[in-house]
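Take a look at the structure set out below.
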Amino acid sequence: MSVIRKNLITNDWVIFAPNRLARPKELKAKEQDNIAVLAARPAHKADCPFCPGNEKPEDGVVFTIGEGGNWRVRVIENKFASVERNVEPHKRFTHFRKELDGFGIHDVFIDNPLHNTTLALMPVEDITTLMRAYHRRYLEVLSNERVKHAVLFKNQGIKAGGSLEHPHSQIYGLPVVPFEINVRMREMERYFETDDNCLMCDIMRDELTQKERLIYENTSFVSFMSYADLSPYHLWIVPKKHNHSFAKVTEQELLELADCMKVVFSKMFHALHNPDFNFVFQSLTHHDEGAEYFHWYISVIPQIKIKGGISYAGGLYVNPVMPEDAAKTLRETAISNK
Ligand SMILES: [Zn+2]
Ligand SMILES: [Zn+2]
């Protein structure tokens with residue numbers, strides 16, 4: 001029997017129509033084996049613009065972590081950005097027509113010098129270095145007074161909209177607040193007003209007690225499957241300390257975030273055979289200082305094709321995998337380095 005559940009954070013209804021065939025074992029046979037694809041890739045490619053040795057003076061380097069040719073993370077301006085960083089976002093707003101000049105910051109993080117790696121394979125020290133780079137650039141982008149919102153995200157693999165093999169992530173600094181974050185803000189604000197508490201704090205406390213959808217926790221972070229996740233294996237990484245912005249994390253929390261990322265992505269790598277995926281940091285900015293109702297978190301969305309697949313019609317989601325089953329699979333997936 002199928003069930004219909006409500007996702008309280010996004011205000012979406014999701015139809016869960018569990019499909020016996022929607023298990024990772026079956027996935028393996030049907031999907032191209034992404035683990036083999038990655039293993040066949042060289043560690044360095046002569047024609048990859050992100051590989052060490054192929055740096056160009058016109059790259060528009062924002063900063064690097066690590067010196068010269070031995071960088072560990074490199075942050076550069078996106079050459080194909082759809083927005084311009086040196087434009088003033090002049091507004092032309094009338095009642096029906098709202099337009100502003102295309103100001104925006106769009107940078108690329110080259111996550112690691114290795115061409116053929118991914119978060120699951122990177123040593124936790126390298127993930128920590130990447131998290132420090134994220135945090136540093138996030139603060140820098142927010143310090144631009146024209147920026148109203150910053151989005152930190154990763155599209156890995158063709159199915160996730162990733163265009164380059166070399167592991168990389170991106171950040172946008174925008175003069176507007178995008179729809180998706182707006183919805184989440186409104187839902188958390190509404191809950192805060194009626195229940196006088198943070199929705200995510202309450203959900204997290206409940207998930208930590210119930211444990212059914214839990215994947216992993218350490219001192220500062222917890223990863224679980226949402227009660228009504230919009231697609232199979234769509235999971236969250238949530239800081240235990242209430243905070244509206246990723247900008248506020250401490251060095252100790254960055255270390256624990258790296259540990260949580262390592263575990264979660266390794267489990268995903270093995271259970272789902274190195275799936276293409278997206279992640280996005282759902283976080284507010286310093287402009288929202290005092291926004292007690294919002295709790296920042298990371299949304300991780302594996303892009304997997306499953307029989308009886310995910311469909312989406314006019315705001316209604318159909319998910320063939322129950323979050324409890326997905327969480328159990330990931331919890332029970334052994335990873336060698338943890
Ligand atoms: Zn490369
Ligand atoms: Zn909270």
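The values are calculated or read from the model by the stated rules, or taken from the named source; none is laboratory data. Every value quoted in this text rests on a predicted model; they were computed, and no experiment measured them. Cβ placement follows ideal geometry from the backbone for every residue including glycine, while neighbour counts extend to all protein chains displayed. Surface areas here come from the heavy atoms of the whole protein model, side chains and all, with no ligands, DNA or RNA. Shrake-Rupley method; radii C 1.70, N 1.55, O 1.52, S 1.80 Å.
Results, tabulated for the structure shown:
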quantity: Options S231, S220; residue that is open to solvent by 10 Å² or more (accessible area, probe 1.4 Å) and in contact with a Leu (Cβ under 9 Å, 6 or more places away or on another chain); calculated: S220
quantity: Set L130, L208, L139, L214: member being more than 25 Å from D325 (Cα to Cα) and surrounded by fewer than 21 Cβ atoms within 10 Å (Cβ to Cβ); calculated: L139
quantity: Filter result (hydroxyl-bearing (S, T, Y) and in contact (Cβ under 8 Å) with a residue 12 or more places away in the chain) within region 175-207; calculated: Y191
quantity: Identity of the residue in region 1-60, in contact with a Gly (Cβ under 9 Å, 6 or more places away or on another chain) and closer than 30 Å to M122 by Cα, that ends up modelled with the lowest pLDDT; calculated: A22
quantity: Count - residues of region 35-69 that are open to solvent by 40 Å² or more (accessible area, probe 1.4 Å), assigned to a helix (DSSP H, G or I) and within 16 Å of ligand 1 (Cβ to nearest atom); calculated: 3
quantity: Selected residue (criterion: farthest from W296 (Cα to Cα)) from residues of region 226-265 that are within 15 Å of the chain's Cα centre (by Cα) and among the small types (G, A, S); calculated: S231
quantity: Residue that is surrounded by the most Cβ atoms within 10 Å (Cβ to Cβ) [pool: residues in region 280-309 that are at pLDDT 90 or above and β-branched (V, I, T)]; calculated: I298
quantity: So F103, is it more than 19 Å from the chain's Cα centre (by Cα), of a type in the set (F, W, Y), more than 22 Å from R41 (Cβ to Cβ) and open to solvent by 20 Å² or more (accessible area, probe 1.4 Å); calculated: no
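Let's see how each residue does on (1) among the hydrophobic types (A, V, I, L, M, F, W, C); (2) under 30 Å from A39 (Cβ atoms); (3) modelled with pLDDT under 95:
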{"site": "K79", "(1), (2), (3)": "no, yes, yes"}
{"site": "R92", "(1), (2), (3)": "no, no, yes"}
{"site": "R97", "(1), (2), (3)": "no, no, yes"}
{"site": "F109", "(1), (2), (3)": "yes, yes, no"}
{"site": "N112", "(1), (2), (3)": "no, yes, no"}
{"site": "L119", "(1), (2), (3)": "yes, yes, no"}
{"site": "V124", "(1), (2), (3)": "yes, yes, no"}
{"site": "Y134", "(1), (2), (3)": "no, yes, no"}
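Matching residues to (1) in a helix (DSSP H, G or I); (2) open to solvent by 30 Å² or more (accessible area, probe 1.4 Å); (3) within 16 Å of ligand 2 (Cβ to nearest atom):
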site	(1), (2), (3)
K159	yes, yes, no
L164	no, yes, no
Y191	yes, yes, yes
C201	yes, no, yes
K241	no, yes, yes
A258	yes, no, no
F265	yes, no, no
